[in-house]
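Single-structure report; data block below.
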Amino acid sequence: MFKGRSLLTLLDYTPDEIRSLLELAHRLKAEKSQGIFPHRLADKNIVLLFEKTSTRTRCAFEVAAYDEGARVTFLSNSQMGKKESLEDTAKVLGRFYDGIEFRGFEQQTVVDLVKHSGVPVWNGLTDLYHPTQVLADVMTVQEHIDKPLNQIKFVYVGDARNNVANSLMIISAKLGMHFVAVSPKDLFPDAKLTADMKALAGETGGSIEITDSIDGVVGADVLYTDVWVSMGEEAQFGERIKLLEPYRIDMDMVKKTGNPDMIFLHCLPSFHDLETVVGRQIFDEYGLREMEVSDEVFRSRHSKVFDEAENRMHTIKAVMVATLTDELDN
Ligand code: CP
Ligand code: NVA
């Protein structure tokens with residue numbers, strides 16, 4: 001059953017349920033391309049609660065909701081936690097809205113929102129997880145690589161203990177992919193999560209490997225990276241640059257995969273040039289023109305990052321339709 005459920009982490013979903021969400025996302029994408037809009041969410045009201053900044057996630061929720069006939073409130077300056085407790089705010093939002101999207105710091109916030117609002121809550125990124133992101137990532141892999149997921153070597157390079165890396169490891173284990181995190185030892189993922197995902201991958205036919213050796217990229221079908229410093233960690237730029245510079249995805253690393261058809265993915269936003277305020281500050285202070293990925297790779301034929309960004313919308317639409325209607329329950 002999907003109707004009435006929240007999506008706080010993909011740990012709560014079975015492999016079959018994740019496959020169903022992905023199939024629905026592909027179907028909704030095909031529908032939209034044919035101009036078919038059945039308005040499955042007509043008369044639903046959705047609130048988007050943001051403690052951290054966003055482009056893709058906010059816009060994906062809004063466009064997905066509008067496509068399906070729902071109405072949206074964007075709330076980034078609420079009283080929650082400042083002048084009103086989370087509990088009281090959640091109770092109010094639960095009276096007004098059919099679903100709540102939350103982006104912010106603590107994973108506990110989404111847990112508490114579920115408890116007190118009584119409506120589905122969707123995690124639009126916390127410090128720990130970014131589940132809607134990785135649904136879009138796998139959808140993009142399915143579109144671009146003509147192999148079953150259990151034959152895919154998915155290599156994440158960079159800060160392997162952040163929200164995106166955690167969620168990629170989880171979805172890989174759930175769907176039987178071969179996931180490798182290539183990262184300095186100081187940024188290895190949580191040991192317990194890694195052990196649990198290794199055990200799960202053992203059951204699903206996948207595998208999980210964590211290494212600090214760049215050789216981990218050999219044979220990759222997918223090279224994936226994320227920013228070196230996640231939202232809320234800005235004080236750590238200096239230390240992260242020292243740790244992660246050897247792990248930048250550049251053309252040498254792409255060649256090292258030995259796979260001419262490999263694809264490059266990135267959740268975005270990305271520091272691949274000097275076209276941002278932060279990028280220029282990093283250049284002034286550390287002399288770097290690009291961080292986690294070279295501009296050359298970002299703009300290369302391998303890069304599918306804008307297909308991936310588009311798929312945020314189709315997958316988020318699938319999550320809302322699945323959890324607010326009986327579309328997948330019949
Ligand atoms: N990938 C992602 O979540 O992007 P935004 O921060 O722009 O929402
Ligand atoms: N790890 C990044 C992802 C941004 C979409 C962050 O949390 O800032």
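The values are calculated or read from the model by the stated rules, or taken from the named source; none is laboratory data. These figures come from a predicted structure and were not determined experimentally. FYI the Cβ positions are ideal-geometry reconstructions off the backbone, even for glycines, and counts take in every protein chain you see. Areas reflect the complete protein model, heavy atoms only, side chains present, ligands, DNA and RNA absent. Shrake-Rupley method; radii C 1.70, N 1.55, O 1.52, S 1.80 Å.
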*Candidate residues Phe96, Phe264: accessible-area rank, largest first, probe 1.4 Å*: Phe96, Phe264
*Determine, from the Cβ-Cβ distance of Phe96 and Glu233 and an R0 of 30 Å, the FRET efficiency 1/(1 + (r/R0)^6), rounded to the nearest 0.05.*
0.35
*Just Met320, Met169, Met253 to compare: in a GNM of the chain, with alpha carbon springs under 10 Å, which one fluctuates most?*
Met253
*So what is the accessible area of region 1-143 per residue, in Å², with the probe set to 1.4 Å?*
44 Å²
*asked:* For the chain, what does the relative contact order come out to in percent, with C-alpha contacts under 8 Å and a separation of six or more?
replied: 21 percent
*Over region 65-195, what number does the Rg to Rh ratio reach, with both radii from the alpha-carbon atoms and Rh per Kirkwood?*
1.05
*Could you pull out the GluC sites (Glu not before Pro) across region 227-330 that fall in loop regions by DSSP (anything but H, G, I, E, B) with no more than 15 other Cβ atoms inside 10 Å?*
Glu233, Glu275
*Which residue, Pro184, Pro131, Pro38, tops the fluctuation ranking in a GNM of the chain built on C-alpha contacts under 10 Å?*
Pro38
_Counting only protein heavy atoms and a 1.4 Å probe, tell me what percentage of region 247-310's accessible area is made up of carbon and sulfur._
48 percent
*When all C-alpha to C-alpha distances in the chain are sorted into bins of 10 Å, what percent of pairs does each bin hold, rounded to whole numbers?*
6, 27, 34, 24, 9, 0
*Helix 131-144 versus the longest principal axis of the chain: what angle, 0 to 90°, nearest 10, using Cα atoms?*
60 degrees
_Virtual spin-label span in nm between His39 and Met251, 7 Å along Cα→Cβ_ = 5.2 nm
_Over region 162-267, what is the relative contact order in percent, taking alpha-carbon pairs closer than 8 angstrom and at least six residues apart?_
29 percent
*How far is helix 107-117 tilted, in degrees, relative to the longest principal axis of the Cα atoms in the chain, given as a value from 0 to 90 rounded to the nearest 10?*
10 degrees
*asked:* Considering only C-alpha atoms, what is the centroid distance from region 98-160 to region 262-330, in Å?
replied: 14 Å
*Do any of Lys52/Lys304; Lys153/Lys192; Lys32/Lys317 go past 19 Å between their Cα atoms, and which?*
Lys52/Lys304; Lys153/Lys192
*Roughly what angle does helix 305-324 make with the longest principal axis of the chain, taking Cα atoms, 0 to 90 degrees, to the nearest 10?*
30 degrees
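Quick check for me: using +1 on Lys/Arg Cβ and -1 on Asp/Glu Cβ, what's the dipole size of region 64-149 about its Cα centre, in debye to the nearest 20? Please report the intermediate quantities before stating the final value.
On the way: 8 positive and 13 negative charges, 66 e Å.
Roughly 320 debye, rounded to the nearest 20.
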*What longest range of the chain stays clear of loop-exposed trypsin sites (Lys or Arg not before Pro) (DSSP non-H/G/I/E/B, at most 11 other C-beta within 10 angstrom)?*
84-300
_Carbon plus sulfur fraction of accessible area for region 1-86, probe 1.4 Å, in percent_ = 50 percent
